[in-house]
Amino acid sequence: MIRQALPGDLDAIAALHARARATYYAGRIPEEAYAGAAELARTREGWSTALQRAQSEGDGEGGAGGGVLCSVEDGELTGVAAYRPVDGRMTLTQLHVEPAHWRRGVGTALHTGCRDAWLRAGVPRVRLDVYEHNLRAQAFYAAHGWRPDPAVPSAGSHIALWLTLDPGPAASGE
């Protein structure tokens, strides 16, 4: 089930984020950059800010102001996604799936939830940065229509991807 994340989800979200990041950063960057008490506290603070921002948007649906969605199965948080405007562009800032739930449709369900919110809000294009060594994530995004933009240089160790949204006939009332 995909739903809006709640403040009570914060600890589970931060822990899931840490486990997911460890799978693609391990052996590539120093462990203290993605694990340990200080990094977990920083991660928790970032998610706390995202949840507060999403709650303050008012409609509870996310959309053009941003949102945090989570996937819950049998009472367990299995994935989380966050998006918000950054420098005037809608940006998918986070999408993480509990590693034990990879390849079970959790990421696709979260992506669909985000896409639906963007379409409802009339967002035409969305950006994200994906870690250059995270080939699994790059394949996931490519399968969901995200494409590199040759006009936008990569940001250090991350690759910028864009998704152009087509509202289709249903959104235009046809």
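Testing L119 on (1) within 13 Å of H144 (Cβ to Cβ); (2) in contact with a Pro (Cβ under 7 Å, 6 or more places away or on another chain), one condition comes back false. Which one is that?
It is condition (1) that L119 fails.
Checking the conditions here, which among T78, T108 is polar (S, T, N, Q), touching a helix residue (DSSP H, G or I) at 6+ places or on another chain (Cβ under 9 Å) and under 18 Å from A139 (Cα atoms)?
T108
Could you go through region 81-90 and let me know if any residue there is modelled with pLDDT of 95 or more, in contact with a helix residue (DSSP H, G or I) (Cβ under 8 Å, 6 or more places away or on another chain) and under 15 Å from D9 (Cα atoms).
Yes, region 81-90 contains a residue that is modelled with pLDDT of 95 or more, in contact with a helix residue (DSSP H, G or I) (Cβ under 8 Å, 6 or more places away or on another chain) and under 15 Å from D9 (Cα atoms).
Exactly one of these conditions fails for A151: (1) part of a loop (DSSP other than H, G, I, E, B); (2) surrounded by 20 or more Cβ atoms within 10 Å (Cβ to Cβ). Give me its number.
(2)
Any idea which of (1) surrounded by fewer than 15 Cβ atoms within 10 Å (Cβ to Cβ); (2) farther than 24 Å from A22 by Cα is the one R115 doesn't satisfy?
The failed condition is (1).
Has region 116-139 got any residue that is in contact with a Cys (Cβ under 6 Å, 6 or more places away or on another chain), of a type in the set (V, I, T) and either under 25 Å from G8 (Cβ atoms) or outside any strand (DSSP E or B) (or both)?
No: region 116-139 contains no residue that is in contact with a Cys (Cβ under 6 Å, 6 or more places away or on another chain), of a type in the set (V, I, T) and either under 25 Å from G8 (Cβ atoms) or outside any strand (DSSP E or B) (or both).
Counting just the residues of region 118-174 that are hydrophobic (A, V, I, L, M, F, W, C) and more than 19 Å from the chain's Cα centre (by Cα), which one comes out modelled with the lowest pLDDT?
Top of the filtered list is A171.
Looking at (1) in contact with a Pro (Cβ under 7 Å, 6 or more places away or on another chain); (2) more than 22 Å from A5 (Cα to Cα); (3) among the hydrophobic types (A, V, I, L, M, F, W, C), find the lone condition where A139 falls short.
Unmet condition: (1).
Given the conditions (1) within 21 Å of D166 (Cβ to Cβ); (2) of a type in the set (D, E); (3) in contact with a Leu (Cβ under 9 Å, 6 or more places away or on another chain), and given that D129 satisfies all but one, which numbered condition is not satisfied?
(1)
The values are calculated or read from the model by the stated rules, or taken from the named source; none is laboratory data. Just so it is clear, the model here is predicted, and its values are computed rather than measured. Note: ideal-geometry Cβ built from the backbone for every residue, glycine included; neighbour counts use all protein chains shown.
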